[in-house]
Amino acid sequence: MTLIQPNQKSFIHALLFSFIVILIFGAFALIFLYNRSVNLEHSLLRAEGELWKLQAARAEMQDKIFALSSDANLRKLSEERNLVKDNNPHYLEVAQPVLAGVTGR
């Protein structure tokens, strides 16, 4: 006569089923995380390219500003507006209020 032990087989089947479910869930989680990391890497590369473009535009703008504020251009501007260089300028001085124990000049 054959003895059938259904409780023992169902436990093994449940354990095997749970391992398979965990394995499948882990595989999907790894695929999802890999996809996110690749998307992040592409976003970072795109942002780095935009940063390089902005830095180049900033350098060009600085060059233009420095060219406009060069000594020759400032002299030309002062001549156009009839400005005269003052060799002994007199500045307006205002007494500083006493603040935190520091006296004004």
**Fill in**
Computed over the chain: longest principal axis from alpha-carbon atoms vs helix 71-80 long axis, angle to nearest 10 degrees, is 50
**Item:** Positive-end extreme of charge dipole, region 10-80 - chosen from Ser78, Ile22, Leu44 (charges on Cβ)
**Value:** Ile22
**Request:** Consider just the alpha-carbon atoms of the chain and return their Rg together with their Dmax, both in angstrom.
**Result:** 38.6, 124
**Prompt:** Mind listing which trypsin sites (Lys or Arg not before Pro) in region 1-97 are in a DSSP loop and have 15 or fewer other Cβ atoms within 10 Å?
**Reply:** Arg81, Lys85
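Counting other Cβ atoms within 10 Å, which chymotrypsin sites (Phe, Trp or Tyr not before Pro) in region 34-99 have at most 12 and lie in a DSSP loop?
Values: sites: Tyr34, Trp52, Phe66, Tyr91; in loops: Tyr91.
Sparse-neighbourhood loop chymotrypsin sites (Phe, Trp or Tyr not before Pro): Tyr91.
Only the coordinates and a few stated rules stand behind these numbers; no lab work does. In this text the structure is predicted, and so the values were computed from the model without any measurement. Every residue, glycine as well, gets a Cβ built from its backbone with ideal geometry; the counts of neighbours run over all protein chains shown.
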